[in-house]
1. Take the range 74-105 and flag every residue that is touching a Ser or Thr at 6+ places or on another chain (Cβ under 6 Å) and at pLDDT 95 or above.
2. Output the residues belonging to the range 60-84 that are over 13 Å from Leu39 (Cβ atoms), over 13 Å from the mean Cα position of the chain (by Cα) and not aliphatic (A, V, I, L, M).
3. Any idea which of (1) touching a helix residue (DSSP H, G or I) at 6+ places or on another chain (Cβ under 9 Å); (2) β-branched (Val, Ile, Thr); (3) surrounded by fewer than 17 Cβ atoms within 10 Å (Cβ to Cβ) is the one Thr84 doesn't satisfy?
4. Need pairs with beta-carbon distance below 8 Å; first residue within 16 Å of Ala54 (Cβ to Cβ) and within the range 72-93, second outside any strand (DSSP E or B) and of a type in the set (S, T, N, Q); sequence gap 6+ or separate chains.
5. Restricted to the range 32-80, and to residues that are aliphatic (A, V, I, L, M), touching a helix residue (DSSP H, G or I) at 6+ places or on another chain (Cβ under 7 Å) and assigned to a loop (DSSP other than H, G, I, E, B), which residue is surrounded by the fewest Cβ atoms within 10 Å (Cβ to Cβ)?
6. Please go through the range 60-108 and pick out each residue that is among the small types (Gly, Ala, Ser) and out of contact with any strand residue (DSSP E or B) (no Cβ under 9 Å at 6 or more places or on another chain).
Amino acid sequence: MTNFNRSDFNFLKEQLKSKNLEYRVKFNFMSKFGELVGLNVPVLIDFYTEWNEASVKMHPVLRDVASAIGDKAKVIKIDVDKNTQLAEALRVKGLPTLMIYKKGEMLWRKSGEQNAESIIAILEQYS
């Protein structure tokens, strides 16, 4: 398990700084991501692209997961092409990459296609 803590935010900050982005943009970006992963319910994050076949195949699977899990968890999709700094900072290499966070702690991470039943079971385990 990996904690997403202050040092991770500092790492993200440095990654963004190296991309010559304004501090205000960095702060808002990190705050929003920190808010997402800091929830008291499991947060499933899907890092995807529209040009990756496996990522596209996961769209209906994640819709099924979101419907089945209801308010017991959140499902967030993050387009790697639009969020390259975050993907680099979290070392996303394969697509899709799925991560589950709860209270700022990364609890689970897996790359590649997954089925809805497995994802639902994992989310329920962390609920």
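The values are calculated or read from the model by the stated rules, or taken from the named source; none is laboratory data. Remember, predicted model here, so these are calculated numbers, not experimental data. Every residue, glycine among them, receives a Cβ derived from its backbone with ideal geometry; neighbour counts consider all protein chains shown.
1. Going residue by residue through the range 74-105, those that are touching a Ser or Thr at 6+ places or on another chain (Cβ under 6 Å) are 80-81, 94-97.
Within the range 74-105, Gly94, Leu95, Pro96, Thr97 qualify.
2. Pro60, Arg63, Asp64, Ser67, Gly70, Asp81, Lys82
3. (1)
4. What qualifies is Asp79/Thr49; Val80/Thr49; Asp81/Thr49.
5. Filtering first and then ranking leaves Val41.
6. Across the range 60-108, the qualifying residues are Ser67, Ala68, Gly70, Ala89.
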